[in-house]
Every structure is written in C-alpha cells, then in structure tokens.
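Participant: The structure's right below; bear with me while I get my questions together.
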C-alpha cells in the first residue's frame with residue numbers, strides 16, 4: 001500500500017481543489033489518514049460493493065487495486081466496480097493500481113496522476129473527476145448556433 005504521507009498529501013491537494021467531507025474506500029480501510037482532514041470515511045469490501053444500494057454520492061472514492069483483497073476478482077468485476085463508483089457513488093475517484101490495469105483504467109476514462117516511467121515499482125495512480133473529464137470545445141457555445149434574428153440577413 002502507498003505510504004501514509006503520500007495519501008495525506010494527496011488528500012490535501014484534492015481538498016484544495018474541492019472540499020471533501022465524505023469518502024469511501026474499497027480494497028483497504030484507510031480511515032486513519034482522513035482524521036486530520038475531517039473526512040467521514042466508509043470502507044466497503046470488494047465483494048459486497050457490487051450489491052450495495054445507492055444511498056448517497058460521496059465526494060471521493062478511493063480504490064486500492066493493488067491489495068490482496070482483489071486477487072480473486074476478474075477484470076469484468078473490476079470494471080463493474082469502477083463504473084458503479086464512477087457513475088453513481090463518487091464525484092471524484094482515485095485509484096492505486098498495478099501497471100497491468102492501465103488499459104482498463106484508460107478505457108473507463110481515468111487519467112494518470114503519477115507517470116509510471118518515473119519510478120521502478122509496479123505502481124500507478126489514476127483519477128477520475130467528472131468536472132474535468134471532458135473539456136468543453138470552443139465551438140460549443142451560442143455564438144456558433146443558429147440565431148433566428150440573423151435569418152434572411154446573411155447567406156448561409
């Protein structure tokens with residue numbers, strides 16, 4: 001598992017972007033790292049998470065894919081868990097994974113936080129933030145849409 005100071009500094013950085021009051025963790029209980037930040041953590045077992053009903057949307061989802069709890073979990077189940085977390089349960093998601101999970105995480109829209117070429121260990125850090133997932137293109141504004149007041153004034 002990642003070092004305590006890495007998790008603590010990452011939580012500090014994420015809290016400066018957007019406040020975090022509720023968080024959930026899958027893979028390993030890391031509640032002890034959130035006491036300084038006044039974050040209300042909830043831990044969920046990997047096998048129980050898929051049957052968990054939607055009751056609230058958390059500010060942060062923290063997934064540790066590199067723990068022993070994920071050993072018997074298939075790629076399909078990993079994807080289902082991450083999709084449920086991304087679409088229903090959390091506004092932002094941080095995933096600690098092995099390098100072998102890169103293809104799946106990219107396919108699900110996650111972006112890489114730590115460049116895997118800067119270190120020698122089998123470790124990667126990914127995030128999904130719905131607010132920064134898709135940048136609004138330049139053409140997607142009212143200036144480029146049909147304006148009825150200009151009909152019959154300009155030749156289209």
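The values are calculated or read from the model by the stated rules, or taken from the named source; none is laboratory data. Since the model is a prediction, treat every value here as computed from it, not as a measurement. Note: ideal-geometry Cβ built from the backbone for every residue, glycine included; neighbour counts use all protein chains shown.
Participant: Considering (1) in a helix (DSSP H, G or I); (2) touching a strand residue (DSSP E or B) at 6+ places or on another chain (Cβ under 8 Å); (3) modelled with pLDDT under 80, say which one residue 2 fails and leave the rest.
Facilitator: (1)
Participant: Of 9, 51, 15, which residue is at pLDDT below 90 and in a loop (DSSP other than H, G, I, E, B)?
Facilitator: Criteria check complete, one pass: 51.
Participant: What tally of residues in segment 81-95 results from selecting those that are in contact with a helix residue (DSSP H, G or I) (Cβ under 9 Å, 6 or more places away or on another chain) and farther than 19 Å from residue 69 by Cβ?
Facilitator: Looking only at that region, the number is 1.
Participant: Can you tell me which residue within segment 59-77, out of those that are touching a helix residue (DSSP H, G or I) at 6+ places or on another chain (Cβ under 7 Å) and either surrounded by fewer than 20 Cβ atoms within 10 Å (Cβ to Cβ) or at pLDDT below 85 (or both), is farthest from residue 29 (Cα to Cα)?
Facilitator: 75
Participant: Please go through (1) surrounded by 11 or more Cβ atoms within 10 Å (Cβ to Cβ); (2) in contact (Cβ under 8 Å) with a residue 24 or more places away in the chain; (3) in contact with a helix residue (DSSP H, G or I) (Cβ under 7 Å, 6 or more places away or on another chain) for residue 41 and return the number of the only condition it doesn't satisfy.
Facilitator: Exception for residue 41: condition (2).
Participant: From the set of residues in segment 102-136 that are assigned to a loop (DSSP other than H, G, I, E, B) and touching a helix residue (DSSP H, G or I) at 6+ places or on another chain (Cβ under 7 Å), which is modelled with the highest pLDDT?
Facilitator: 108
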